[in-house]
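**Student:** I'd like to ask you about the structure that follows.
The values are calculated or read from the model by the stated rules, or taken from the named source; none is laboratory data. Remember, it's a predicted structure, so these values are computed and weren't measured experimentally. Because the Cβ atoms are built from the backbone with ideal geometry, glycine has one as well, and the counts that use them run over all protein chains shown. All accessible areas refer to the heavy atoms of the entire protein, side chains included, with ligands and DNA or RNA removed. Shrake-Rupley method; radii C 1.70, N 1.55, O 1.52, S 1.80 Å.
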Amino acid sequence: MTSIDYTQASVWLPLFFFVAMGFAMLSYVVLDGYDLGIGMLLNRASDHDKDMMIASIGPFWDANETWIVLGVGLLLVAFPLAHGPILTELYLPVAAMLMGLILRGVSFDFRVKVNIEQKPLWNLLFYIGSLIASVSQGIMIGRLIVGFDSGILGWGFSLLVGICLPAGYVLLGSTWLILKTEGQLQQQSFRWAKTSLWLTGFGIALVSAATPYFSSEIMHKWFAWPQILWLSPVPLATVILFLLTNRSIQSLEQGTNKREWLPFACVVAIFWLAFFGIAYSIFPYVIIGKMTLWQAAAATESLWVIFWGAIIVLPTILGYTLFSYRIFKGKASALTYY
Amino acid sequence: MLDTLILSRIQFGANISFHILFPTISIALGWFLFYFKIQHNRTGLDCWKEAYQFWIKIFALTFALGVVSGITMSFQFGTNWPGYMETVGNIAGPLLAYEVLTAFFLEATFLGVMLFGAKRVSQRVHTLATFLVAFGTSLSAFWIIALNSWMQTPQGFTMIDGRAHAVDWLAIVFNPSMPYRLSHMMLASFLTVSFFLAGISAYRYLRNSRSEANLMVMKMALTAAMVLTPIQIVLGDLHGLNTLHHQPAKLAAMEGIWNGGAGVPAVIFGVPNKQTRTNDYEISIPKLASFYLTHSWDGEVKGLNDFGDKIPPVAPVFFAFRVMVGIGVLMLLFSWLGRWQMRQNRPLPKLLAKGLVLMTFSGWVAVLAGWYVTEIGRQPYLVTGVLTTAQAATTLPTGMVFSTLFAYLALYVGLLAAYIWVVFYLARQADDKENPNFQLEKKPETSWSLFRT
């Protein structure tokens with residue numbers, strides 16, 4: 001580990017793609033996270049609010065989902081040797097997630113086009129699809145952290161993450177609704193956000209405590225001197241962000257504050273930190289304890305080909321994504337095609 | 001008998017068959033919408049706007065189905081075919097990456113602006129968004145077809161330690177079958193959408209739609225089909241010649257030729273028999289196949305028996321090819337007849353309109369048949385001469401693949417039925433809105449009354 005020469009293209013190119021893959025996955029989790037969260041809240045809202053909740057994600061969900069294609073695409077193209085084993089291990093949760101995503105994506109479109117009698121059916125499928133997708137994503141993250149350990153504890157931990165991640169998505173979704181809605185629905189979103197905030201906090205604490213227990217390697221990376229010193233801001237900042245989120249929701253509810261973007265921004269920051277924690281735990285492995293990112297990498301000449309594309313295209317993508325968010329900024333309004 | 005390999009193939013086949021239906025529509029429908037939009041900008045006529053507003057709903061639905069079923073594809077490379085990326089990942093990877101980077105985000109992001117942004121941006125930006133969505137879907141097709149064609153006719157690479165390494169990217173992208181496959185597929189998309197537009201318009205017409213936009217769309221779609229079908233037939237023929245050159249075993253299976261040599265006959269009908277390695281009940285015209293394949297009555301054509309065991313399953317390829325060609329002939333017939341009948345704004349005869357309704361999804365059948373010809377015809381290889389399908393398959397337990405296969409199939413059948421139902425429902429709704437008297441007489445309808453008028 002000590003003699004790695006980072007100026008070599010065969011060393012830093014895989015690293016670049018590891019970071020890019022992490023960036024794509026994190027973007028996916030945050031962006032699709034809020035609309036999956038809204039999907040899971042859907043069956044708790046009145047019919048009128050349902051339409052408004054969907055309207056708040058309407059222009060974005062398609063592009064949000066594209067990030068998972070980029071994430072798994074980069075795994076596929078930059079780490080072809082890990083892609084097969086990882087997805088083979090995750091076969092069942094991946095299949096469940098895909099079916100969830102399919103159900104959710106199509107319900108979204110079907111529900112507005114069918115007659116009134118059928119609408120509840122597609123609303124229900126939207127909810128079920130979102131729930132299945134979120135839970136299976138949680139399980140997948142869990143499986144990755146335990147290095148696909150197939151014992152009872154390994155599976156128990158994975159199921160635990162499978163329950164915690166949806167809570168986080170609901171938190172993202174409800175703070176997104178605080179930002180994009182007003183009136184009754186916004187009031188409702190304050191309550192959803194507060195409940196899911198505590199569930200999410202509990203989940204992160206539990207997962208953070210359990211992770212080192214499952215992997216002595218991860219434990220050494222976090223709790224050895226001097227790492228523990230420069231890593232300590234991570235949990236500390238997370239706690240501060242939690243308190244800040246809670247306070248900002250309360251002040252918005254009481255009307256003493258107008259910064260409606262603050263809870264969402266804080267939650268996104270919490271997700272960033274949690275994601276950093278997981279990425280740090282896994283690095284430099286793609287499969288913990290079995291395969292490093294360099295062992296899994298594609299041929300350097302192939303990585304060069306994608307590298308030039310990526311550094312030109314990724315900023316362009318970010319540019320027009322921001323452009324689209326600017327077009328639809330402000331409170332959500334009923335969706336019309338014209 | 002049902003091992004993991006077969007199940008994986010059925011599952012991937014089911015997924016890709018389901019997926020391909022939707023891009024096939026969205027590629028050309030995107031360009032038709034762009035055309036409607038430009039015509040509206042140019043002429044200011046309401047009928048173009050009306051056409052845009054009706055068809056954009058169907059586009060949104062189609063696009064959503066394409067996106068979600070496409071996500072499945074990106075995962076299944078890994079779940080069911082781990083050997084694929086391990087062997088040719090260095091080549092397939094960059095092509096797939098460029099598809100995501102250059103096309104996916106473009107279409108998905110501007111789709112939001114196109115669908116819901118008409119009132120939030122200027123006409124010019126909205127037209128641009130419509131263009132970018134159409135452009136993005138076509139760009140997607142370009143990358144995917146480039147990869148698929150490379151798997152059919154690989155070149156520009158070298159094998160090192162059992163893994164393919166790229167040598168010449170231009171040769172990889174513009175491999176010998178790529179131009180034919182791409183243009184054949186793009187035209188197939190335009191033909192599919194032409195008949196889709198004409199079929200739904202004919203359905204509305206039969207239900208007494210008085211909308212000017214509806215008639216205009218029908219006429220435009222028939223015009224497009226009338227022009228494009230003959231071009232597609234010529235292109236298909238050229239594509240066939242390309243296949244004869246690069247994948248002779250596939251071509252022999254398409255034609256049902258077991259014994260090669262000089263002056264081979266054209267098989268009009270027959271049932272390929274794997275055991276006897278001949279066709280049962282064969283009806284054929286002597287020397288004709290040699291003539292149209294080599295342009296000489298005594299031209300040499302290889303037969304399936306020249307390839308030993310390395311031949312694709314003959315019957316599916318043979319029949320799928322005939323289905324595709326048969327639909328091509330029907331398309332030619334219907335478009336010319338329909339367009340001729342509608343000349344100088346004459347009304348379309350009811351019988352012909354009913355025929356067009358039946359042809360609504362004919363493009364889908366032809367595209368699927370064509371896809372089976374090209375994909376099954378490549379067997380036993382996944383990448384011709386480099387990697388067999390069996391080498392790439394997963395070693396997962398059969399039960400696991402079986403259970404997910406069952407779930408996928410149930411989901412797909414349900415969604416396909418829902419899609420077709422909603423398309424016809426939207427068509428009924430569009431006319432009921434502008435023709436309220438009609439609605440009063442309307443009886444509750446079920447999906448069974450889809451084709452009743």
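**Student:** Please check: in the Gaussian network model of chain A (C-alpha springs, under 10 Å), which one of A:K180, A:K221, A:K113 has the largest mean-square fluctuation.
**Tutor:** Between A:K180, A:K221, A:K113, it is A:K113 that shows the largest mean-square fluctuation.
**Student:** Using only Cα atoms and rounding to the nearest 10 degrees, what angle (0 to 90) does helix A:152-180 make with the longest principal axis of chain A?
**Tutor:** Taking Cα atoms only, the helix is inclined about 50 degrees.
**Student:** Return one number: the angle in degrees, 0 to 90 and rounded to the nearest 10, between the long axis of the Cα atoms of helix A:233-254 and the longest principal axis of the Cα atoms of chain A.
**Tutor:** 0 degrees
**Student:** In addition: For the pairing of chain B with chain A, what total accessible surface becomes buried, with a 1.4 angstrom probe, in square angstrom to the nearest 100?
**Tutor:** Adding both sides of the contact gives about 6200 Å².
**Student:** Scan chain B and hand back the longest stretch that contains none of the trypsin sites (Lys or Arg not before Pro) lying in DSSP loops with at most 13 other Cβ atoms within 10 Å.
**Tutor:** B:311-441
**Student:** Taking R0 as 41 Å, what's the FRET efficiency between B:I38 and B:R207 from their Cβ-Cβ distance, rounded to 0.05?
**Tutor:** That pair, B:I38 with B:R207, gives E of 0.90.
**Student:** I want to verify a result. In a Gaussian network model of chain A, Cα cutoff 10 Å, which of these has the top mean-square fluctuation: A:H48, A:H220, A:H83?
**Tutor:** Its mean-square fluctuation being the largest, the pick is A:H48.
**Student:** Can you give the relative contact order of region B:255-310 as a percent, counting alpha carbon pairs under 8 Å and 6+ residues apart?
**Tutor:** Relative contact order for region B:255-310 comes out at 41 percent.
**Student:** Using only the Cα atoms, what convex hull volume per residue in Å³ does region A:100-230 have?
**Tutor:** 137 Å³
**Student:** Further question: So what is the 222 nm mean residue ellipticity for the protein assembly as shown from helices alone, if each DSSP H run of at least 4 adds -39500 (n - 2.57) and you divide by all residues, rounding to the nearest 500 deg cm²/dmol?
**Tutor:** Calculated at 222 nm, the ellipticity per residue is -25500 deg cm²/dmol.
**Student:** Let me ask something additional. I need the calculated FRET efficiency for the pair A:F323 and B:A262, taking r as the beta carbon distance and R₀ as 60 Å, to the nearest 0.05. Walk me through the intermediate numbers first.
**Tutor:** On the way: r = 63 Å, r/R0 = 1.06.
Here the calculated transfer efficiency is 0.40.
**Student:** In region A:207-338, what percent of the accessible surface is made up of carbon and sulfur (1.4 Å probe, ligands and nucleic acids excluded)?
**Tutor:** Carbon-and-sulfur percentage of accessible area, whole number: 72.
**Student:** By accessible area of protein heavy atoms, probe 1.4 Å, what ranking do A:D62, B:D46, A:D149 get, highest first?
**Tutor:** I get B:D46, A:D149, A:D62, largest accessible area first.
**Student:** Taking all protein chains as present, what is the carbon and sulfur share of the accessible area of chain B, in % to the nearest whole number, probe 1.4 Å?
**Tutor:** 66 percent
**Student:** Quick one: Cα centre-to-centre distance for region B:254-280 and region B:35-111, in angstrom?
**Tutor:** 40 Å
**Student:** Moving on. If a helix is a whole DSSP H run, which ones in chain B reach 24 Å or further along their own axis (Cα) and hold a mean Kyte-Doolittle hydropathy of at least 0.0? The partial results should precede the final answer.
**Tutor:** Details: long enough: B:4-43 (58 Å, 0.71); B:46-80 (50 Å, 0.57); B:123-152 (43 Å, 0.84); B:178-206 (41 Å, 0.87); B:212-246 (49 Å, 0.79); B:314-341 (41 Å, 1.48); B:398-434 (54 Å, 0.91).
Flagged H segments are B:4-43, B:46-80, B:123-152, B:178-206, B:212-246, B:314-341, B:398-434.
**Student:** Working from Cα positions, state the angle (0 to 90°, nearest 10) between the long axis of helix A:80-89 and the longest principal axis of chain A.
**Tutor:** 60 degrees
**Student:** Can you compute the FRET efficiency between B:Y281 and B:L416 using 1/(1 + (r/R0)^6), with r the Cβ-Cβ distance and R0 = 41 Å? Round to the nearest 0.05.
**Tutor:** Details: r = 33 Å, r/R0 = 0.81.
Given R0 = 41 Å and the Cβ-Cβ separation, E is 0.80.
**Student:** Taking the Cα centroid of region A:43-62 and of region A:65-141, what is the distance between the two, rounded to the nearest whole Å?
**Tutor:** 18 Å
**Student:** Where does each of A:Y280, B:Y84 land when they are ordered by accessible area, with a 1.4 Å probe and the largest first?
**Tutor:** Numbers: A:Y280 40, B:Y84 5 Å².
The residues order as A:Y280, B:Y84, largest area first.
**Student:** Compare the Cα positions of A:Q250, A:F283, A:Q295 along the charge dipole of region A:182-338 (+1 at Cβ of Lys, Arg; -1 at Cβ of Asp, Glu; about the Cα centre) and return the one farthest towards the positive end.
**Tutor:** Final value for the positive-end residue is A:Q250.
**Student:** What fraction of the Cα pairs in region A:54-134, stated in percent, has a spacing above 16 angstrom?
**Tutor:** Every Cα pair in region A:54-134 considered, those over 16 Å come to 60 percent.
**Student:** Would you mind getting the accessible area per residue of chain A, heavy atoms of the protein chains only, 1.4 Å probe, in Å²?
**Tutor:** The answer is 41 Å² per residue.
**Student:** Return, ordered by residue number, the residues of region A:255-297 whose backbone nitrogen is under 20 Å from a label point located 7 Å along Cα→Cβ of A:W230.
**Tutor:** Answer for region A:255-297: A:273-285.
**Student:** If ligands, DNA and RNA are left out, what is the accessible area of B:Y292 with a 1.4 Å probe, given in Å² to the nearest 10?
**Tutor:** Result for B:Y292: roughly 80 Å² accessible.
**Student:** To continue, here is another question. If each of A:L314 and B:Q155 carries a label point 7 Å out from its Cα toward its Cβ, how far apart are those two points in nm?
**Tutor:** That separation, rounded to one decimal, is 3.5 nm.
**Student:** Shifting gears a bit: Only counting protein heavy atoms at a 1.4 Å probe, give the residues of region A:309-338, ordered by number, whose accessible area falls by 40 Å² or more when the other protein chains are present relative to the chain alone.
**Tutor:** A:V313, A:I317, A:Y320, A:F323, A:I327, A:F328, A:Y337, A:Y338
**Student:** Which residues of region B:39-57 bury at least 10 Å² of accessible area once all protein chains are present, versus their chain alone (1.4 Å probe)?
**Tutor:** Those are B:Q53, B:I56, B:K57, which lose 10 Å² or more relative to the chain on its own.
**Student:** Another one. For chain A, set up a Gaussian network in which alpha carbons nearer than 10 Å are linked by springs, and say which option among A:I38, A:I240, A:I317 fluctuates the most.
**Tutor:** Judging by the Gaussian network model, the answer is A:I317.
**Student:** How much accessible area per residue does chain B have, in Å², with a 1.4 Å probe?
**Tutor:** Heavy-atom accessible area per residue stands at 40 Å².
**Student:** OK, next. Considering the dipole of chain B built from charges on the beta carbon (Lys and Arg +1, Asp and Glu -1) around the Cα centre, which of B:A253, B:Q76, B:Y419 is farthest to its positive end?
**Tutor:** Selected residue: B:Y419.
**Student:** Give me the percent relative contact order of chain A, please, defined on Cα pairs under 8 angstrom at least 6 residues apart.
**Tutor:** 23 percent
**Student:** Okay, next question. What whole-number distance in Å separates the alpha-carbon centres of region A:227-243 and region B:319-355?
**Tutor:** If you average the Cα positions of each part, the centres end up 69 Å apart.
**Student:** Give me Rg over Rh for the protein assembly as shown, both radii from the alpha carbons and Rh done the Kirkwood way, two decimal places. Can you show the working numbers first?
**Tutor:** Values: Rg = 27.8 Å, Rh = 28.2 Å.
Value, to two decimals: 0.98.
**Student:** Taking just the alpha carbons, could you work out the radius of gyration and Dmax for region B:62-198, both in angstroms?
**Tutor:** 17.4, 58
**Student:** Can you tell me, using C-alpha contacts under 8 Å and at least 6 residues apart, the relative contact order of region A:240-338 as a whole percent?
**Tutor:** 15 percent
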